[in-house]
Amino acid sequence: MDMVVSASAVEEEKGRTSVQTAETLLRLFPMVLCVTALVIMLKDSQTSDFGSISSLDLGAFKYLVYANGICAGYSLLSAFYTAVPRSSTMSRAWTVFFFDQILTYMILAAGTVSAEMLYLAYKGDEAITWSEACGSFSGFCRKATTSVIITFAAVACYAGLSFISSYRLFSRYDPPVSHLSDKGVESAVSQG
């Protein structure tokens, strides 16, 4: 009997280790995406007959660079946090859940604002006499588009991490218990 218990304990530990390894890798993957998007955006500048433009000249793209940098740093720290085996407590589960949510919304906002800026660069806005700029700065727009697409891939990773951390947190709580019996529900329905 002891051999069966210890064998199942070993299998459970192997399963926990493989889940921990998978989550650590899932936390490192958005770091690679964020650093890639950040580097592309930082190097994005172009000079043409109409002047010069740099990604750091535009507030939306500055925000994208900062958000990608912060998210890359968080991904690295959270990967170390999940890689080190330790007992899981409610406060740790809440901390990971909280930061996963914050970073997910931050990178989503950065990607969305940058996508809007790119839309205006490609299409312009005649109502406010803002002409499209990508005809004159096509190289700049291509690199910015690449950076925004990579950022949205990182958003998808962070959304997945948010689901994992929310499952880990909220699976610790018991489901709500109904205090009404079946007859109580029937009588409440028939009286109403």
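Every number here is computed from the coordinates shown, using simple stated rules; none is lab data. Since we're looking at a predicted model, the values are computed, not measured. Note that each Cβ is placed from the backbone with ideal geometry, even for glycine, and that neighbours are counted across all protein chains shown.
State, to one decimal in nm, how far the label point of LYS62 lies from the label point of ALA127, with both points 7 Å from Cα in the Cβ direction.
2.6
Can you put SER171, SER87 in order of Cβ neighbours within 10 angstrom, beginning with the fewest?
Details: SER171 8, SER87 5.
By the 10 Å Cβ count, ascending, the order reads SER87, SER171.
Show me the three semi-axes of the equivalent ellipsoid for segment 24-173, from the C-alpha gyration tensor (sqrt of 5 times each eigenvalue), largest first, rounded to whole Å.
Numbers: eigenvalues 266, 44, 19 Å².
Here the semi-axes work out to 36, 15, 10 Å.
Quick one: putting +1 on the C-beta of Lys and Arg, -1 on the C-beta of Asp and Glu, what dipole do you get for segment 24-173 around its Cα centre, in Debye to the nearest 20?
On the way: 10 positive and 8 negative charges, 184 e Å.
Dipole about the Cα centre, nearest 20: 880 debye.
Name the shape class, rounded, prolate or oblate, that the alpha-carbon gyration tensor gives for segment 85-172, where a ≥ b ≥ c are the square roots of its eigenvalues, rounded holds for a/c under 1.5, and otherwise prolate holds if a/b is larger than b/c and oblate otherwise.
Details: a/c = 5.13, a/b = 3.21, b/c = 1.60.
Prolate, since a/c reaches 1.5 and a/b exceeds b/c.
Work out how much length LEU77 to PHE163 would gain on full extension: take 0.36 nm times their residue separation and subtract the Cα-Cα distance, in nm to one decimal.
On the way: separation 86, 0.36 × 86 = 30.96 nm, distance 1.85 nm.
Full extension of this stretch gives 29.1 nm more.
What length, rounded to one decimal in nm, is gained on full extension from GLN101 through to THR47, with 0.36 nm per residue of separation minus their alpha-carbon distance? The partial results should precede the final answer.
Working: separation 54, 0.36 × 54 = 19.44 nm, distance 3.88 nm.
Result for the pair: 15.6 nm of gain on full extension.
Quick one: go through segment 137-152 and flag any residue whose amide nitrogen is under 20 Å from the point 7 Å out along the Cα-to-Cβ line of TYR119.
141-152
For SER87 and LEU25 in one chain, what is 0.36 nm times their gap in residues minus the Cα-Cα distance, to one decimal in nm?
Working: separation 62, 0.36 × 62 = 22.32 nm, distance 1.97 nm.
Gain on stretching SER87 to LEU25: 20.3 nm.
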